Amino acid sequence: MRRPILLLSALCLSLSVSTHAVAQDQASPPPVATIVTIKTPASISRPMLEVEFKRAVPIYEKIPGLIRKYFIADAEQFGGMYLWKDRASAEAWYSSAWRAKAKSLYGSEPEVRWFDVPVQIENGSER
């Protein structure tokens, strides 16, 4: 008896999600997402990171092709989750100069993970 209810719930969920999905224009390059992490130096506290995150906002607001950025941190690392208009925009930002600056500032290489974004979902305007 539970199986049909679960299947119906899954179907309703998939229909609900698909109504909010943003289709990608076939003519333009697809968006990409990246997750960047850097080992947090022992000399940098969480409150210090949060101050620096806020200071960096105006810089990220001006990056061509950057759609969205989330500043992230845990006990061992910090970084960001990014949504880019296309791969070329992201590659332009993650230059060798960017990598060298990050290593110089924080003492370790940033790790950049790349993801294709075939579908985007917007669940309202609240953040």
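Every number here is computed from the coordinates shown, using simple stated rules; none is lab data. Quick caveat: nothing in here was measured; it's all calculated off a predicted structure. Note that we place each Cβ from the backbone using ideal geometry, even for glycine, and neighbour counts take in every protein chain shown.
Under the rule of at least 5 residues apart or a separate chain, name every residue whose amide H is placed under 5 Å from the amide H of Gln77.
Thr40
List the GluC sites (Glu not before Pro) in segment 71-127 that DSSP assigns to loop (not H, G, I, E or B) and whose Cβ has at most 13 other Cβ atoms within 10 Å. Which are they?
Glu76, Glu122, Glu126
Give the order of Trp93, Trp84 when sorted by the count of other beta carbons within 10 angstrom, beginning with the fewest.
Listing Trp93, Trp84 from fewest to most nearby Cβ atoms yields Trp93, Trp84.
Suppose each label sits 7 Å from its Cα in the direction of the beta carbon; what would the Ile44-Glu91 distance come out to in nanometres?
2.7
Treating cross-link reach as a plain straight distance, find the lysines whose alpha-carbon is under 18 Å from the alpha-carbon of Lys54, omitting any fewer than eight places away in the same chain.
Lys62, Lys69
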